[in-house]
Every structure is written in structure tokens, then in C-alpha cells.
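Colleague: Can you keep this structure in mind? I'll have questions shortly.
The values are calculated or read from the model by the stated rules, or taken from the named source; none is laboratory data. Since we're looking at a predicted model, the values are computed, not measured. Neighbour counts run over all protein chains shown; Cβ positions are idealised from the backbone, glycine included.
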Amino acid sequence: MTDPDRYGDAMKTNWFLIAAGKLQTQSAPFDWAKPIRDEQAQYWVDIDGADPVNLREFLGPLSLHPLLLDRCVDQAISPGVLVYGNSVLVEYPAAIDRETAEPAYLTILLQAPYLVTVRHGPMPELDDLIAENSAKGAPELHYLAQIIYQILDKFTDLNVDAQTEIRDQLLSMARTLADNPASFDAKLLTHLRWQVGNLVSLTENQLYCASSLAALDFKDLQEPHRKAYVQDLVAEGEITQRGVYRLETRLKDLYDDYQMVGSDRVEKRLRLLTIVSAVTLPLGLIAGLLGMNVGGVPGINNPSGFVIVVVVMVVVGLGLFLYFKQKSWFD
């Protein structure tokens, strides 16, 4: 019998039995190296923190195709679906945290009567799904493909939640930009652009996997009622993808508005500098002319010359100010 303690903390395994429509947690691992006596029994092994060497040894009793086994243990994971004989492998991007640069992946291996899931990254929602199916009164489970549908649907729902959260943030930022542009956080906008970019990549890869599953000629997924579930996953993925694309458009519009507000702010400042220059230029000209150290400068011998010059400069400056104000240069 396979001993889960043999691999220590390097690979944590949870063992489940599907019987009588229920998902039952097994306190001890089953021996999948021996023939199964109960033809109705189905098994699910959920693996977390798998080391490639240990995982290869662990999956040995399934006698997988070498290419399929290599893909299971390969650390360079890429989204896709592979079929060899009676085995199907799905490498599904399941990023839950939008902050992570590298998305988490779930490797799903179906070879009846066994389902193996290998987590590559934190997936607390998968634990929630296990708890939901193990709870009293949970919907009945009759075949392993149901678990696959539930897992993929769970991750799709997470994307919808992420879209809603980002959409609300964009709405709040748009309101701030309209009411108080000075308090607008440009760093948050940049961060949201990065998050939306990750979400776009995630949804596109998920839709690719779901579409590949729908196109498979695989017995366990091709029965009419099961095929409908796969097609539903594809339809839901397409809706999610369109929602993410709309987020991209909203984000671009908000970024354009921010650029426009910034350009308007710079324009106002340049306009103010232009007005100040226009007002001080004639004053500087007057000061320069009267400050020349040559003979014949008017007012040198007049005791009131300084006062007259100051009054003239004030009148000229005030006149220019009122002129620009009348022309709405300060608006």
C-alpha cells in the first residue's frame, strides 16, 4: 500500500472515495497498485507541494504514458489538455491572488477510476470545494468528471468576483478623478492595469483549456449530459473573457481621462506662467530703460521721479492683469 508518510512534508496527500453519491474522506490511503474489486468505486487523490521526483514515483502505479508522466511532473507548466489512451491531463491556470506575478496551476489527471489533482501554488478555494462536497446534504456525486466541472467552475467564479472588485475600484477612481483630481492615485491606476493584464491572460488560458476539453473525443467526457457541462464551462468562460475585455476598455478610458486631466493641469500652469511673463515683461522694460547709466534719462533730477515710475509700473501691471482677466485667461 502506498504510504503517504513516506514522502513527508514534501508532498501532502488527501485521499477521497466516491461512493453512494458522496465524497468520503479516507483516513488511510488506498492501494491503487492492486486491482479494484468494487467496480462502482471511484477515487480522488489531491496532492499539495509535490516534489517532481516523489510525484513521479507516486504516480508510477497508474502506468501512465511516458509523455503524460513527464508533463505531470514538469515544473515548466503551461495551460493545455493532453490525451493518451484512457488518460486525460489538464493543466489549468487557477490563479486566485491577482497580486502574484506567477499564477497558480492545478494539474488534473483523469484515469478512471482515479482522479488526481496536483496543486502548484496556494488554492484555499479547493479546500472549500472539498468541504462543500463532504458536508451533510451536499449534492450527490456520481462520476469523477463532476469534480472536474466543479473545480473549473469554482475558478471561473473567482474570476467573476475579481472582475467585480476591479470594476468597483475603477468606478471609485473615476469618481475621484471627476470630483477631486488632486487626490487621484496614479500608482493605484498603474497597479490596476497590471492586475487586469494578469486577469486577461488568466481567463484566456482558462477558456483555452475548457474549449480543448469540449473538443476532446474522450469517453468519460463525451456522454451527452457530461458534454453539456463542458459546453457550459466554455460558455461561462467566454462570458468571463468578454467581461475582462470590457474592464480593459474601462481602464483605458480612465487612463485617457487621467492623461487629459493631467494635460489640462499642465496647460493651466503654463498659461499662468505666460500671463506672469506678459505682465512682468513691460515692467522689466521700463526698469531697464530708466536704469541705463547714460545721460538724458527722464526724471533723474525730479524728486518725484521714483514715485511716478512706480505708479506707472503699477498701472501698466494692473491694466495687463485686468485685460487678461477680461479675456478669461484665468478660467
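Colleague: In the list Ala214, Ala278, which residue meets the criterion of being more than 30 Å from Phe321 (Cα to Cα) and in contact (Cβ under 8 Å) with a residue 12 or more places away in the chain?
Modeller: The match here is Ala214.
Colleague: What residue, among those in the range 170-202 that are under 29 Å from Leu89 (Cβ atoms) and either modelled with pLDDT of 90 or more or hydrophobic (A, V, I, L, M, F, W, C) (or both), is nearest to the chain's Cα centre (by Cα)?
Modeller: Leu199
Colleague: Check whether at least one residue in the range 122-139 is among the acidic types (Asp, Glu) and in contact (Cβ under 8 Å) with a residue 60 or more places away in the chain, and report yes or no.
Modeller: No, there is no match, as no residue in the range 122-139 is among the acidic types (Asp, Glu) and in contact (Cβ under 8 Å) with a residue 60 or more places away in the chain.
Colleague: Now for a different question. Kindly check whether there is at least one residue in the range 277-292 that is modelled with pLDDT of 80 or more, loosely packed, with under 11 Cβ neighbours inside 10 Å, among the polar types (S, T, N, Q) and part of a helix (DSSP H, G or I).
Modeller: Checked against the condition, which is being modelled with pLDDT of 80 or more, loosely packed, with under 11 Cβ neighbours inside 10 Å, among the polar types (S, T, N, Q) and part of a helix (DSSP H, G or I), the range 277-292 yields at least one hit.
Colleague: Right, next: Go through the range 161-175 and count every residue that is closer than 12 Å to Leu188 by Cα and hydroxyl-bearing (Ser, Thr, Tyr).
Modeller: Matching residues across the range 161-175 total 1.
Colleague: Across the range 293-327, what is the number of residues that are among the polar types (S, T, N, Q) and either modelled with pLDDT under 80 or touching a Phe, Trp or Tyr at 6+ places or on another chain (Cβ under 8 Å) (or both)?
Modeller: Of the residues in the range 293-327, 3 are among the polar types (S, T, N, Q) and either modelled with pLDDT under 80 or touching a Phe, Trp or Tyr at 6+ places or on another chain (Cβ under 8 Å) (or both).
Colleague: So, one more: Please find, among Val53, Val73, the residue that is exposed (fewer than 15 other Cβ atoms within 10 Å of the Cβ), out of contact with any strand residue (DSSP E or B) (no Cβ under 8 Å at 6 or more places or on another chain), of a type outside the set (Lys, Arg) and modelled with pLDDT under 90.
Modeller: Selected residue: Val53, the only one of Val53, Val73 that is exposed (fewer than 15 other Cβ atoms within 10 Å of the Cβ), out of contact with any strand residue (DSSP E or B) (no Cβ under 8 Å at 6 or more places or on another chain), of a type outside the set (Lys, Arg) and modelled with pLDDT under 90.
Colleague: Scan Glu248, Glu267 and give me the residue that is modelled with pLDDT under 90 and either more than 30 Å from Leu177 (Cβ to Cβ) or in a helix (DSSP H, G or I) (or both).
Modeller: None of the other options fit; the residue is Glu267.
Colleague: Sticking with this structure for a sec: Restricted to the range 294-310, and to residues that are in contact with a Leu (Cβ under 9 Å, 6 or more places away or on another chain) and part of a helix (DSSP H, G or I), which residue is surrounded by the most Cβ atoms within 10 Å (Cβ to Cβ)?
Modeller: Filtering the range 294-310 for residues that are in contact with a Leu (Cβ under 9 Å, 6 or more places away or on another chain) and part of a helix (DSSP H, G or I), the one surrounded by the most Cβ atoms within 10 Å (Cβ to Cβ) comes out as Val309.
Colleague: Within the group Leu110, Leu171, Leu141, Leu126, which residue is part of a helix (DSSP H, G or I) and buried (at least 17 other Cβ atoms within 10 Å of the Cβ)?
Modeller: Leu126
Colleague: Another question about this same structure. Residues that are modelled with pLDDT of 85 or more and of a type in the set (Phe, Trp, Tyr): does the range 112-119 have at least one?
Modeller: Yes, the range 112-119 has at least one match.
Colleague: As an exercise: evaluate Gly243 against (1) modelled with pLDDT under 85; (2) within 19 Å of the chain's Cα centre (by Cα) and give the number of the one condition it does not meet.
Modeller: Of (1) modelled with pLDDT under 85; (2) within 19 Å of the chain's Cα centre (by Cα), only one is false for Gly243: (1).
Colleague: Taking the condition among the β-branched types (Val, Ile, Thr), modelled with pLDDT of 80 or more and touching a Ser or Thr at 6+ places or on another chain (Cβ under 7 Å), does Ile108 pass?
Modeller: Yes, satisfied.
Colleague: Among what's in the range 177-199 and is of a type in the set (S, T, N, Q) and part of a helix (DSSP H, G or I), pick the residue that is surrounded by the fewest Cβ atoms within 10 Å (Cβ to Cβ).
Modeller: Ser183
Colleague: Another question, then. May I ask you to verify whether Phe184 is of a type outside the set (Gly, Ala, Ser) and over 30 Å from Tyr84 (Cα atoms)?
Modeller: Judged against the criteria, Phe184 is a match.
Colleague: Can we say Tyr258 is closer than 30 Å to Lys187 by Cα, touching a helix residue (DSSP H, G or I) at 6+ places or on another chain (Cβ under 9 Å) and either of a type outside the set (A, V, I, L, M) or not in a helix (DSSP H, G or I) (or both)?
Modeller: Judged against the criteria, Tyr258 is a match.
Colleague: Identify the residue in the range 19-45 that is under 25 Å from Ala131 (Cβ atoms) and touching a helix residue (DSSP H, G or I) at 6+ places or on another chain (Cβ under 7 Å) and, among all such residues, is modelled with the highest pLDDT.
Modeller: Checked the range 19-45; the qualifying residue modelled with the highest pLDDT is Trp44.
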